[in-house]
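Participant: What follows is a structure written as structure tokens; I'll ask about it next.
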Amino acid sequence: MDATQRIDPFGAQPTQQISPTADRTQQVGAGAPTVMGAPVRALQMECILGREVGNAYGGREHLLVEITGTSTGIGRRLPLNLCLVIDRSGSMEGEPIDYVKRACGYVVDLLDQNDILSIITFSDSVDVVMPARRVVNKTLIKEHIQRIEIGNTTNLYDGMLVGCQQVAAVMSEQVLTRVLVFTDGEPTSGIKDFASIVQLAAEQKARGITITVLGFGPEFNEELLASIARRSGGNYYYIQRPELIPEVFRRELELLMTVVAKNVRLLLTLPRFTQIRQVYGAQPNLQNRVVEIPQVDIERGAVVTQLVEMELQMRPPGRYRVAKVALVYDETITGRVERIEADAVMEFTQDVSRIPQSINPRVQREIEIQQLSRNLERTVLGLKTQQLSAAEVRQELERTMAMLTRQGRLQEAQEVQQALAALGSDTTVVEKTLMGTAYSLEVGKSKQP
Amino acid sequence: MSTFDPHEDLYALLEVPPDASDDLIREQYRKLVQQYLWDREKFARLNRAFEVLSNPDLRAEYDKQAAIARPRPDASALASAPPVTSPPEAAPTVIGTPAQDLLATQQIADVQRTQMGVRVTCPVCKTETSTIDGYCEECGFALEGAEAVQEIPSLEMPELPALVDALGNVYTLRPGVNTVGRLNADVLLSDPSVSRSHARIIVQNGSVTIEDVGSTNGTFVNGQRLTPQVPVPLSDGAEITFGGTKLTLRMPGAVSVAPPSPEPVLAASAPVTQTLTVTAEEEVTAGAPAEEEEEVVAYWCSDDGTMRVPLSPGMYTIGRRPSNHIVIPDPYVSGNHAILLVEPDLVNIEDVGSTNGTFVDDTKLIPHVAAPLPFGVKVQIGQGT
């Protein structure tokens, strides 16, 4: 049934050309078959509908798209175009800045001469420690890193802007671009307002630049950083203690080095009778009945889910394709733009007894997870504004942890547990941890089980 | 399938000169592939072209073969789509083929045509579509095969009121309470000036009322701001503004929504109450017709011979109410049941939303979709499913 189709790109549609390497080895014009063994695809897509039978009089249904990054090792990786944007405001003095310097050193060690690195620091104003260039003289780069000095205030906006300018100057299809922004406090100088900073992230995203945020310590604004990550399609990290800083940088680098698909987007072509009611955890673009939903970069072995709620209108009974789903992405290994398609098909009937009561469990699970994410954010807000008592928050979090464990989201369950442990002693830990948890649930990324 | 067709101009497809560098080819490929994301066919062709032209061996081979297959000066390399003079051999059923992609030769056109499948008319939405996907491009209906354009049963039920916006989005209003707002609402509006819980619209017995539930930016009906918690009735065409979003109310036809005398809805095996046939007739006025006299296209005859209505070009309403042109005093016929659209050489019939439906040759009509009515065909009005 089309609802749970696993896409075989070499199946029924010879017009759908994809194969990279297979054709090259053929004799030209020899009439050899199109396919000579299926090459490794970076991504696989599965489309699942809440129900496969719907009400001809109309109704609502969910569509879940699950995108999986291949777990096959490829050997090569895409060169990086990385910028480290480091906060050196007064509060970073001592251990924090020492560990950050160490972390930057680790990053330099992990990169090779095909990668491009730039390092920016900001306090009141912005310093270019290293302009964007290939990582050739590692010793020299590390020397420059050591010379970073403590400043005064936190001008996050300018830091972000200059960092993005650095990577933009050398950006191309041949590199994977990412800006890492590390900060330990609220923006205190330059453009400080929430909306403008998030808007900057949105503008950079439109140019193809993704920002990952690393928040350190108890003082940074987790709502601001989470919003930047959300708009940008990047990651959110909360680092509690300075000695953990290098490890987190390393983790992000590891992810970047295993990205198999970038510039990933889902295109839903909607026929008559179908409207989109909600797109969970993403900012869609609608144009001429095609909804474009950008996705995060996908690493090897990662699973990304996109949940969509459709409004289905009244129609004559029969079988219908309710959406044509296309996944388009840049495959990092070949550098090629690839496309996978699937049909979401339902049967519509006037006989309500044929319509199943419950919906597909996988879809149900994703709906619950999205609900959990929203509840978590509301809980954090309730805690901050003290509209919820500590007891209420505890109860909510315990329930959330149980549900996450049941759903198999162990990473997130563990984070909630950490938050629970800190409840009553350090609410900043609770807020900052849970903001990250809510965000990662919303984005729908997890590791392949 | 061979890797390339030397008759196809791959350089033109990528919009590069034949002596383009690898960088330029790559750059153009990426640029075009972005532009044609929605166009599956073009996307595939771009990928094929790039595969050939980005590989030095393949490119050389292609150039060699192309020079033989298409000997012509390179200066005339096509840039963008040349004007399409006529679609290649339009099949008789095709009306208004969408403009084909740029095609270098007729050979490519033939290949394209077979790859595109056969064009048929979708029985649901009546638009032209290709069968290659297996589904109608317009409404998604599953097309069984190239030839099977079978009739499908239509829905029997009253049409529901709906709110329509400027973009054509339709928000159907179901009987009962419909919440309007930005979060978890029946009518979900993503405009930030709309409150999370903005208003309620109640549909009951064919009447529609609206009530603002205390929104920040207000609810306006035809320019007048509503007092919160005070319900206000709405009629067809009312313009309702929620914050910054304007919607228009569309009410269904005046049929079975609030009938003064409700028609009973029949169970499955109900007797036929009336059968009418349309028969073609010669013009009533032989000889020179006067200007005022319109020629009769057909006659609407009842089975028992009691009724015989001449039909001239124009519209004839059919229903139970005396205000109709053709009155059928049968309780199973709706007040306004159907209309006949008579043209000089053919007759169309359209069900205007009757309760019990209109059947042409034992097939039920989709409400509000005009269907041609061949002469001598049985029309059943006043029969249940």
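The values are calculated or read from the model by the stated rules, or taken from the named source; none is laboratory data. Because the structure is a prediction, the values reported are computed rather than measured. Using ideal geometry, Cβ is built from the backbone for each residue, glycine included, and neighbour counts are taken over all protein chains shown. Ligands, DNA and RNA are excluded from the accessible area calculation, which covers all protein heavy atoms including side chains. Shrake-Rupley method; radii C 1.70, N 1.55, O 1.52, S 1.80 Å.
Participant: What would the Debye formula give as log10 I(q)/I(0) at q = 0.06, 0.08, 0.10 Å⁻¹ for the alpha-carbon point model of chain A, no solvent?
Facilitator: -0.29, -0.51, -0.78
Participant: When the label point is put 7 Å from the Cα of A:ARG354 along its Cα-to-beta-carbon vector, which residues of the stretch A:55-86 have a backbone N closer than 15 Å?
Facilitator: What the label zone holds, given the 15 Å backbone N cut-off, is A:55-58.
Participant: Taking just the alpha-carbon atoms of the stretch A:256-343, what radius of gyration and Dmax come out, in angstrom?
Facilitator: In order Rg, Dmax, the Cα atoms of the stretch A:256-343 give 14.8, 51 Å.
Participant: So what's the back-of-envelope 222 nm ellipticity for chain A, counting only DSSP H runs of four-plus at -39500 (n - 2.57) apiece and dividing by all residues, rounded to 500? Show your work: numbers first, answer last.
Facilitator: Values: 11 runs with 153 residues, N = 449.
-11000 deg cm²/dmol, from helical runs alone.
Participant: How long is the stretch A:80-257 along each principal axis, judged by its Cα atoms, biggest number first, in Å?
Facilitator: Computed over the stretch A:80-257, the largest-to-smallest principal extents equal 38, 37, 26 Å.
Participant: Continuing with the same structure: Can you give the Rg to Rh ratio for the stretch A:363-447, taking only C-alpha atoms and Rh from Kirkwood?
Facilitator: Rg/Rh: 0.94.
Participant: Using Cα pairs closer than 8 Å and at least 6 residues apart in sequence, work out the relative contact order for the stretch A:101-149, in percent.
Facilitator: 39 percent
Participant: Given contacts defined as C-alpha pairs under 8 Å and at least six residues apart, what's the relative contact order of chain A, whole-number percent? Don't skip to the end; give the middle numbers.
Facilitator: Working: 940 pairs, mean separation 84.4, N = 449.
Value for chain A: 19 percent.
Participant: Moving on. If you take each beta carbon of peptide B:122-135 and count the beta carbons of other chains within 10 angstrom, what is the mean?
Facilitator: The mean count of partner-chain Cβ atoms within 10 Å per residue comes to 3.
Participant: With r defined as the distance between the Cβ atoms of A:THR405 and A:GLN113 and R0 fixed at 35 Å, what FRET efficiency is calculated, to the nearest 0.05?
Facilitator: That gives a FRET efficiency of 0.20.
Participant: Working from Cα positions, state the angle (0 to 90°, nearest 10) between the long axis of helix A:361-384 and the longest principal axis of chain A.
Facilitator: 30 degrees
Participant: Give the peptides B:372-381, A:433-442, A:213-222 in descending order of average Cβ contacts within 10 Å, highest first.
Facilitator: Per-residue Cβ counts within 10 Å, averaged per peptide and sorted highest first, yield A:433-442, A:213-222, B:372-381.
Participant: Next up: Give me a single rounded figure for A:84-96: the average over its residues of other chain Cβ atoms within 10 Å of their Cβ. Don't jump to the answer; show the numbers that get you there.
Facilitator: Numbers: counts 0, 0, 0, 0, 0, 0, 0, 0, 0, 0, 0, 0, 0.
Taking the mean over all residues of the peptide, I get 0.
Participant: Additional query: Helix A:245-257 versus the longest principal axis of chain A: what is the Cα-based angle in degrees, 0 to 90, to the nearest 10?
Facilitator: 40 degrees
Participant: Once you place label points 7 Å from the Cα toward the Cβ at B:HIS7 and B:THR216, how far apart are they in nm?
Facilitator: Simple spin-label model gives 6.3 nm for this pair.
Participant: With the full set of protein chains in place, find how many percent of the accessible area of the stretch A:363-447 is carbon and sulfur; take the probe as 1.4 Å.
Facilitator: Solvent-exposed carbon and sulfur of the stretch A:363-447 make up 49 percent of the total.
Participant: Let me ask something additional. Given the convex hull over the Cα atoms of the stretch A:304-396, what projected area results after averaging over all orientations, in nm²?
Facilitator: 10.8 nm²
Participant: Going 7 Å from the Cα of A:VAL290 along its beta-carbon direction, which residues of the stretch A:239-274 have the amide nitrogen within less than 19 Å of the resulting point?
Facilitator: A:262-274
Participant: Next question. Residue by residue through A:321-334, how many Cβ atoms from other chains fall within 10 Å of the Cβ on average?
Facilitator: 2
Participant: Rounded to the nearest 5, what is the percent of antiparallel bridges among the DSSP beta bridges in the stretch A:80-257?
Facilitator: Percentage antiparallel, nearest 5: 20.
Participant: Which stretch or stretches of the stretch A:268-301 have amide N atoms under 20 Å from the point lying 7 Å from B:ARG174's Cα along the Cα→Cβ direction?
Facilitator: A:273-279
Participant: If I take every Cα pair under 8 Å that is 6 or more residues apart in the stretch A:80-257, average their sequence separation and divide by the length, what percent do I get for the relative contact order?
Facilitator: 25 percent
Participant: If you take the beta carbon distance between B:TYR36 and B:ARG308 as r and set R0 to 51 Å, what does 1/(1 + (r/R0)^6) give as a FRET efficiency, to the nearest 0.05?
Facilitator: Computed FRET efficiency for B:TYR36 and B:ARG308: 0.30.
Participant: Which order, highest average first, do B:19-29, A:363-373 follow once you tally other Cβ atoms within 10 Å for each residue and take the mean per peptide?
Facilitator: A:363-373, B:19-29
Participant: Hey, with R₀ at 22 Å, roughly what FRET efficiency would B:ALA166 and B:ALA371 work out to, going by the Cβ-Cβ distance, to 0.05? Could the numbers behind the result be given before it?
Facilitator: On the way: r = 31 Å, r/R0 = 1.39.
In this case the efficiency is close to 0.10.
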